[in-house]
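Single-structure report; data block below.
The values are calculated or read from the model by the stated rules, or taken from the named source; none is laboratory data. It should be emphasised that the depicted structure is a prediction, and the values quoted were computed from it without experimental measurement. Virtual Cβ from ideal backbone geometry, glycine too; neighbours counted across all protein chains shown. Heads up: the accessible areas ignore ligands, DNA and RNA and are worked out on the full protein's heavy atoms, side chains in. Shrake-Rupley method; radii C 1.70, N 1.55, O 1.52, S 1.80 Å.
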Amino acid sequence: MTRIAIRSTFLVVLVGVALAAGPVTAQTPHTHDHSFGDAEKWAKVFDDPQRDAWQKPHEVIRALALKPDAVVADIGSGTGYFAVRLAHMLPQGRVYGVDVEPDMVKYLAERAKREGLGNLFSRAASPGDPRLPEKADLIVLVDVFHHVENRDRYFSKLRDALKPGGRIAIIDFRMQSPEGPPKAARISPEQVKSELKQAGYLLDREHGFLPNQYFLVFRPAKP
C-alpha cells in the first residue's frame, strides 16, 4: 500500500464473512486490497449480523469501561459497525467516526442522522492525520493496524490527540485465526506491543475473550 494511514473500512476479511459461510481462508491478496467506494454495497458486508458472534461488540465496549460522557474516535470507522454502537452506549458522550474514504464518511453521516444519533459525527481523515476536532478519551482501531504505514510516526503523533489519561485500543486478527486477511498481511500482538512501546506507549490491559482477534489497550508513557 502507498498510503501512510488507514485503508478505509475495517478489513476485507468481512467480505468473506458475508459472502461465504465458512472461514475466510480463501481470501487472496487481491481481495485484501479491494476498493471500498460503494458504501451501500459494503454496509451489507461490514454490518452483517453474523459478525457479532465473533466480534462481540458489546462485550468489547463494556470492557473499555468508558465514562458516560467519554469522547471516542473510531479510526477506520467505515459504515459505522462500532461507531454506531458506541454512540448508542454513550448517549452523553461524543463519538467520531473517522475514515479516509469519502463515500464511507458520507454514508456514516447519513446513518447517524437516520438513526437519530446526534452524538455521532462522521469525519474525513487524511492519510497521515485523523483530523480529530477535539482530544479523545479513547481512540479505537479495529482491524486497521496492519493497514497503517509509518506507524511509529503515526502513533507518536496520535498521542497529541488524547486527553490526559486517554487510551488507544487496538483489535486485530491473530496470526493463527481461521478468519482474517492473508497471513502475510497480519501483524502479531507482540509486534504491536513493541511498535507502540517505540511510539511512546505502555500496555495498559490485554483482553483475551475474542476468539479470532487480540485486544490490546495502551496509554501514553509518562514523559
Say whether the condition of being touching a strand residue (DSSP E or B) at 6+ places or on another chain (Cβ under 6 Å) and part of a helix (DSSP H, G or I) is met by at least one residue in region 168-190. yes
Count - residues of region 190-213 that are in contact with a helix residue (DSSP H, G or I) (Cβ under 7 Å, 6 or more places away or on another chain) and open to solvent by 40 Å² or more (accessible area, probe 1.4 Å): 5
Strands (runs of 3 or more DSSP E) contained in region 40-146 and holding at least 1 residues open to solvent by 10 Å² or more (accessible area, probe 1.4 Å) and out of contact with any Asp or Glu (no Cβ under 6 Å at 6 or more places or on another chain): 94-99, 120-124, 136-142
Scanning region 57-94 residue by residue, the ones that are free of Cβ contacts under 8 Å to residues at least 24 places away in the same chain and touching a Gly at 6+ places or on another chain (Cβ under 8 Å) total 0
